[in-house]
Each structure stands twice: as structure tokens, then as C-alpha cells.
1. Rounded, prolate or oblate: which fits the chain when a ≥ b ≥ c are the square roots of the eigenvalues of the alpha-carbon gyration tensor, with rounded for a/c under 1.5 and prolate only if a/b beats b/c?
2. If you rank 249, 102, 46, 6 by fewest surrounding Cβ atoms within 10 Å, what's the result?
3. Give me the number: length gained by fully extending residue 11 to residue 266, i.e. 0.36 nm times residue separation minus the C-alpha to C-alpha distance, one decimal in nm.
4. With a/c under 1.5 counting as rounded, go ahead and sort the range 1-151 into rounded, prolate or oblate using the C-alpha gyration tensor (a ≥ b ≥ c being the square roots of the eigenvalues; past the cut-off, prolate if a/b is larger than b/c, else oblate).
5. Would you mind calculating the relative contact order of the chain from Cα pairs under 8 angstrom and at least 6 residues apart, reporting the percent as a whole number?
6. With the cut-off at 1.5 for a/c, could you classify the range 87-215 from its C-alpha gyration tensor as rounded, prolate or oblate?
7. Once the Cβ-Cβ distance between residue 156 and residue 90 is put in as r, and R0 is 25 Å, what FRET efficiency do you end up with, to the nearest 0.05?
8. Which order do 134, 61 fall in if you start with the one that has the fewest other Cβ atoms within 10 Å?
Ligand SMILES: N[C@@H](CCC(=O)N[C@@H](CS)C(=O)NCC(=O)O)C(=O)O
């Protein structure tokens, strides 16, 4: 049984990105389904308050954010690489653009009324209402394009992406798939599932053929399904891996700190600093149910603060 445990839900685009990374690398993993909206007490037991989906658990180590999960999977199984040779830098930057700009264009585009109706087909109206209220609170203060603005921007993005494939290359950056492919794919996958809104993809035949290639990477091997209490017990029974604080970055081992996403869902996680470099920050925290866990975040797009010592 694989020790990689993905906490996710089926309709999450960022979870789809991660499932495809398992597919690209041919990895086996176990699955825990998390709620789509707050409250998420079993998520918080492991993450300390980070509520976004997905996150990866390996024993008592919790890896937040798909950018970091990608690096963890790359270390776990270097080949095939998510960052192939000469295009590694481009792949990482294109992925960052897709996870931010493209995602926050595709989502408001797809969730216009006709799209939302298709996405939530069969769900009771209260579920839709609760979802909308949850996401409004989660992204408060984040600029969000209106319908026409999102449609214009997505049209332009799709033209650029389709143009990248016009020389017949199978993948966005050449002959090998990379992190760029799964990152650009997941917002478009969400659009493709939004009923009539998916029409916007139709003129882009090269892009549509590429989407089929990305989907064919598959999801690796889902070897088991755990419930969240089993996952918490598994953390409790495990010891977190060792980490290291690089000197000269403004923080010391054992500093009480908080880490929060700097873009949206800015809930802060508090703990003691046990790992830091320019790519990753790691906090140790004690949880009543999960025991001692290490929670890892990417360093960029996250705000790291020393906790004020209270008088
Ligand atoms: N930068 C994060 C973004 C993750 C994200 O926004 N996920 C969405 C779901 S696709 C989310 O967390 N929605 C709120 C929730 O699931 O509670 C990542 O790469 O993992």
C-alpha cells in the first residue's frame, strides 16, 4: 500500500492537477475525500487551519499546495520529470501563471449562471447557496473579473495556448509532458465540465487534442480509500521527517511563527519553525488528535511571520 495519501474531492481542479501528476509519474496513492466547504475539522487537525484542497499526507508530514506537492513527487520519483531538462524554468513559470491568472479567469468564466447550473446539476439549491457563501468569504478582497471580462481574457489565453501547439508538438513545451501541462489543463478541465460554457474551447482544435493527451496521463494507481479519522490516526502513529532551517533567512529554528497563503483563503497556521529555505517553510505543531505533525508550505505566495510574543 502506498504511503502517499491525497486529501481531495472529485470536482476540485487543483486536485485533478495532482491526480494527473500521479498519472504522469505512474505513482500509487491512497485517497481521503474532504468536504468542499467549511467546517473541515479533520482537515484542520492535520493542517492546523489551511483549508485549501488538495493536500498530501505522508505519515505525520503534511504538504500544502500543489506547487509543493509537485516538488515532493519529483523527489519521490524523479522520472518521468515534471521539470524536464532545458524547459524546467519555463515549465515552473508557466505553471505559476496557470495556477493563478488562468485559474482565476477560467473559474469566474465557468461559474456564470449557465455554467454553475451544469456544475451543480442535481444538487439541492441550499448546497449551491452554501457553496457560494463559502467561496465569497474565502476570496474576500480578491479581485475577480466579471462575466464579460473573464470571457474576453479566457478567449485571449486560449488563443495563445492553441498557438503554442501549432507546430505539432504534443505537449506545451515540446516532446515531453511537464508541470506546465497539468497546470494549464486543470482550469480548462473545469471549463469543459461547465455545460454550455465549454463551447469556448471548441474552436481550438489543437488545444482540445492536447487536452485529450493530458487526460490520458491518467491518475496513477489509487490503491485504497481511507476515511479522515483513519488518516489522522495514521499521522498520530507516525514520526515527522527531519527538516532544516537555513541560516541567514531572517528566522531561527524553534521560532514561533505563522504561515498563511498570501492570495486567498488566508487562514494562518501557527507552529514552531523547523524547516526553511527559499522554496519551503515547515512548521511543527501538536494536535490533540493527530499528535506532532510537520506542516510544509511553498515559500512563495505564502506569508511567514514571527508570532508576537505576548506580554
Ligand atoms: N495554490 C493552491 C490552490 C488550491 C485551491 O485553490 N484549491 C481550491 C479547490 S480547486 C480550494 O481550496 N477551494 C476551497 C476548498 O476546497 O476549501 C494549490 O496549488 O494547491
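Computed from the coordinates by the stated procedures, all read-outs in this text should not be read as laboratory data. Bear in mind the structure is a predicted one, so any value in this text is a computation, not a measurement. Cβ coordinates were reconstructed from backbone atoms using ideal geometry, including for glycine residues, and neighbour counts include every protein chain displayed.
1. Note, shape of the chain comes out prolate.
2. Going from least to most buried by this count: 249, 102, 6, 46.
3. 89.6 nm
4. Oblate, since a/c reaches 1.5 and b/c is not below a/b.
5. After rounding, I find 27 percent.
6. prolate
7. 0.80
8. 134, 61
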